[in-house]
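Here is the structure we will look at, set down as structure tokens.
The values are calculated or read from the model by the stated rules, or taken from the named source; none is laboratory data. Fair warning: this is a prediction, and the values are worked out from it, not measured in the lab. Every residue, glycine among them, receives a Cβ derived from its backbone with ideal geometry; neighbour counts consider all protein chains shown. When the accessible area is computed, the model is the full protein with side chains, heavy atoms only, and any ligands, DNA or RNA have been set aside. Shrake-Rupley method; radii C 1.70, N 1.55, O 1.52, S 1.80 Å.
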Amino acid sequence: MMDESVSITQIVQRLKGTNLHSQLEKQAKECLHKPEIKLETLKDDVRRLLKASGWERKLQNAVYRELHILPPPGHPRAPPEHTKEPLAYMRKTQVNWEKRILKSLNSMCTELGIPLARKRPVAEQKELTNKWNEMGTDEPDLSKFRPVYAPKDFIEVLVGLKNPNNERSEDLTVRSHWGLIQVSLNVRDILQMVSLPFFISLPSIFLMSRHKELVSEQDSAAAQQYSRQGCPTGLRAQLWSLILNTTNDPEDITHYEQLKARVIHHDLLVDNLIYKDVKLTASNDDYYFVFEDYLYQVLLCFSRDTAVLEHFNYNCATPPKSCIQSKSGSEQCAVVYPPNGVIPFHGFSMYVAPLCFLYNEPSKLYSVFREMYIRYFFRLHSISSHPSGIVSLCLQFERLLQTHLPQLFYHLREIGAQPLRIAFKWIVRAFSGYLSTDQLLLLWDRILGYDSLEIVAVLATAVFVFRAENLMEVTSLASAEAVLADLSTLKVMPLLQIFLFATSV
Amino acid sequence: MSAKAVSCTIKSPVALQIGDAVSDSSRPGVYITDITLAEPVNIQEISFKNYYTAYLTVRLQRREDGSAKWVTCLRNYCLMSNPHAEAGSHDYFSIYRHQMLTEPDNVTTVRLILRQPSSEWLNFSIEEINIYPCAKEDSERDVPAWISTLTPVEEPLDLNGLPDPETVSSSIQQMWALTEIMQASQTAVEGSYDVKLLSYT
């Protein structure tokens, strides 16, 4: 009960500072002019009118959104870093990993002689403003830049993650874990997932006809439930926006324009990293190369958005900082770099690319991407024990495979093709760039619907199960990778259904 | 919760295992830690930080009518729902009076029995143990509810009814201005954002 009232207080405090609060207050004031309002029943009448005009629903959606990103309740004596991540050895590994990234960025900066941030001269600002919608046509010299890190560097950190209080012998026994992840986290097995109506709710005619009402009712929670069975293509954009409670009000457009202005005024080193990433990944992809310009417009603004910093309330990662001397030279002040605290890595732009199929207005695309990042994607590249964190997902994949296809796992291990080394790149990108777009969007429907990234781990296992026969015949890591190189013909839902319901232990 | 912890002496844990503690290769699954209190205390709360203990049993020695009696006040309290997995292994816990099987009054010694049946972990223990006494007679908590409604209590939030719109809008404007300043100060110093190098802290 204590926890509940603390959460309620937190949510109300957060909503008090928002645009919604002032709008509600304005609406309430306008209600007072209506003739139906009586002084004796003022409170109830105003509430009734707000409900009828849809404002109560907006408030409900806002509260629902806050519940999604509320930091977990902690014990009063627990320090904040413990509440974000209780396991001390994971926090330590995350800190060391961040130090490595900082060193890499600093050395790139020193080698190239480029400052991490600089104000653009006026002429350059003008040029960029003119070119804003076609930044893709630019061909800057990016050969000197290299990504700060790639998934293959990150997997080594996760493989090296060890609990000092845990003794793992090298012996391969029936009871030991055959995979690369050496920590014991609670991850769900198939039985636990299907005992809830998890992942595969068969669409019913009744529910399908409701989708028009869903959009008109503007109910976040109902839209999220609906998304569990997949969204109709024509309504997906609206439904995702409803689930994430993103709006495209004048305030949101203004915020986006402000970010754009920040991009014009200051040039950041990470901008080059973003350019390089887009050129290396999305631009080379058959499905996404047309959206190159959108990707720049979203990612450059994303780097400047300090609103993203709030996700560090529940993310155990720490944003990088730098000391700036004030102009008078008297003070030193710590600022976050980049302003949103997130350093992009190789493949980062693939988190945005699929969304370009849904939204063509940059400010709308931006809002949806930002919300998806601060709810889900950040967990894919920070070290934590959260059930949707990358460590848990990798462990879940390995455990599912070892439990349900032990012969395959053993065979792959023997030929030096640890399954995680192949599946990791799929998991870290939530399959973006590996599945065909329509299938990917069906997968992401479920991520939103179930508010969890576990389905990514399950799909990775299902892919191995599907190609098990071919994999049993390969004799090297390279040939195993070749078998699993092309996932573009796979259909996500049948694959998941076969694995979850038809695979016997 | 601002009560101070009572001073106590925490003895080092004793392992319970069959066979010779030194030569036996298997690790103990039970530890016993005794905590002696300087004077008899009525316990309100015992708080601690877990380190891989799965189940906790608490026994108290109470001074009653001149003799000392041992009672169990908590039996196999689960700290880690799955003893083989990390969940709960580093968490902070508090055990309150109302959760205990018997009244923890006039307690002179507290005995903690720690169990960890899983062979996954090398060590397990309980750390940062604090014992908080009951509030004194004249503290705020014992004041009957109707008295506290007479004196205006400073509430950060008015959850009942709509607050006054004027104060709300002025405080929102102030908060907005403040967040703008804070955001600006996080991104720039006096309008400049000439970042040279990242710092390692």
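Viscosity 1.567 mPa s, temperature 4 °C: give me the Stokes-Einstein translational D for the stretch B:30-133 in µm²/s, with Rh taken as the Kirkwood radius over C-alpha pairs. Display every interim value, and only then the final one.
On the way: Rh = 14.0 Å.
Estimated diffusion coefficient is 93 µm²/s.
Provide the per residue accessible area, probe 1.4 Å, for chain A, rounded to a whole number of square angstrom.
Working: 22320 Å² over 505 residues.
With the other protein chains kept in place, chain A gives 44 Å² per residue.
Determine the equivalent ellipsoid of the protein assembly as shown by diagonalising the alpha-carbon gyration tensor, then write out the semi-axes as square roots of 5 times the eigenvalues, largest first, rounded to whole Å.
Working: eigenvalues 383, 284, 159 Å².
In descending order the semi-axes read 44, 38, 28 Å.
Grab the other residues whose beta carbon is less than 12 angstrom from that of A:Gly54, score K and R as +1, D and E as -1, and report the net. If you can, show how the numbers build up before the last one.
Working: positive: A:Lys51, A:Arg57, A:Lys58; negative: A:Glu56, A:Glu217, A:Asp219.
Surrounding charge for A:Gly54 is 0.
Which residues of the stretch A:335-372 end up with at least 30 Å² less accessible area in the presence of all protein chains than when their chain stands alone, using a 1.4 Å probe?
Those are A:Val335, A:Val336, which lose 30 Å² or more relative to the chain on its own.
Evaluate the distance, in nm, between pseudo-label points positioned 7 Å from the Cα of A:Gln258 and of A:Met472 along their respective Cα→Cβ axes.
Here the answer is 6.1 nm between the modelled labels.
Bins of 10 Å, beginning at zero and ending with the bin holding the largest distance: percent of Cα pairs per bin for the stretch A:214-277, please.
18, 30, 24, 24, 4
When only the heavy atoms of the protein chains count and the probe is 1.4 Å, how do A:Asp277, A:Asp141, B:Asp65 rank by accessible area, highest first? If you can, show how the numbers build up before the last one.
Values: A:Asp277 10, A:Asp141 100, B:Asp65 160 Å².
Largest to smallest exposure gives the sequence B:Asp65, A:Asp141, A:Asp277.
Please report the buried accessible area for the interface of B with A, total over both chains, probe 1.4 Å, in Å² to the nearest 100.
Working: alone 14540 and 24720 Å², together 34370 Å².
Using a 1.4 Å probe on protein heavy atoms, the buried area is about 4900 Å².
Can you give me the accessible area per residue for the stretch B:30-133, using a 1.4 Å probe, in Å²?
On the way: 4280 Å² over 104 residues.
With the other protein chains kept in place, the stretch B:30-133 gives 41 Å² per residue.
Among the trypsin sites (Lys or Arg not before Pro) within the stretch A:290-354, which fall in a DSSP loop and have no more than 14 other Cβ atoms within 10 Å of their own Cβ? Numbers along the way, then the final one.
Values: sites: A:Arg304, A:Lys321, A:Lys327; in loops: A:Arg304, A:Lys327.
Hits after loop and neighbour filter: A:Lys327.
Per DSSP H run of at least 4 residues, take -39500 (n - 2.57); add these up for the protein assembly as shown, divide by its residues and hand me the 222 nm value, nearest 500 deg cm²/dmol.
Details: 27 runs with 299 residues, N = 706.
Counting only the DSSP helices, I get -13000 deg cm²/dmol.
Can you give the longest stretch of chain A with no exposed loop site, where a site means GluC sites (Glu not before Pro) in a DSSP loop (not H, G, I, E or B) with at most 15 other C-beta atoms within 10 Å? Write out the running numbers ahead of the final one.
Working: sites that count: A:Glu36, A:Glu40, A:Glu167, A:Glu170, A:Glu331.
Answer from the scan: A:332-505.
What net charge do the residues around A:His346 carry, taking every other residue with its C-beta under 13 Å from that of A:His346, with Lys and Arg at +1 and Asp and Glu at -1? If you can, show how the numbers build up before the last one.
Details: positive: A:Arg146, A:Lys152, A:Lys276, A:Lys279, A:Lys425, A:Arg429; negative: A:Asp153, A:Asp277.
Here the count lands on +4.
Filter A:Lys99/A:Lys152; A:Lys16/A:Lys364; A:Lys260/B:Lys196 down to the pairs with a C-alpha to C-alpha distance above 19 Å, please. Could you put the intermediate results ahead of the total?
On the way: A:Lys99/A:Lys152 17 Å; A:Lys16/A:Lys364 24 Å; A:Lys260/B:Lys196 22 Å.
Correct reply: A:Lys16/A:Lys364; A:Lys260/B:Lys196.
Please work out whether the stretch A:1-156 counts as rounded, prolate or oblate from its C-alpha gyration tensor, where a ≥ b ≥ c are the square roots of the eigenvalues and a/c under 1.5 means rounded, while otherwise a/b larger than b/c means prolate and anything else oblate?
Oblate is the answer for the stretch A:1-156, as a/c is 1.5 or above yet b/c matches or exceeds a/b.
If I compute solvent accessible area with a 1.4 Å probe over the protein chains, what percent of it on the stretch B:30-133 is carbon and sulfur?
Details: 1870 of 4280 Å².
Carbon and sulfur together cover 44 percent of it.
Apply the a/c threshold of 1.5 to the C-alpha gyration tensor of the stretch A:54-129 and tell me whether it is rounded, prolate or oblate.
On the way: a/c = 4.58, a/b = 1.30, b/c = 3.53.
It is oblate, given that a/c is not under 1.5 and a/b is not larger than b/c.
For chain A, which whole-number percentage of the solvent-accessible area (1.4 Å probe, protein heavy atoms only) is attributable to carbon and sulfur atoms?
On the way: 12420 of 22320 Å².
Carbon and sulfur: 56 percent of the exposed surface of chain A.
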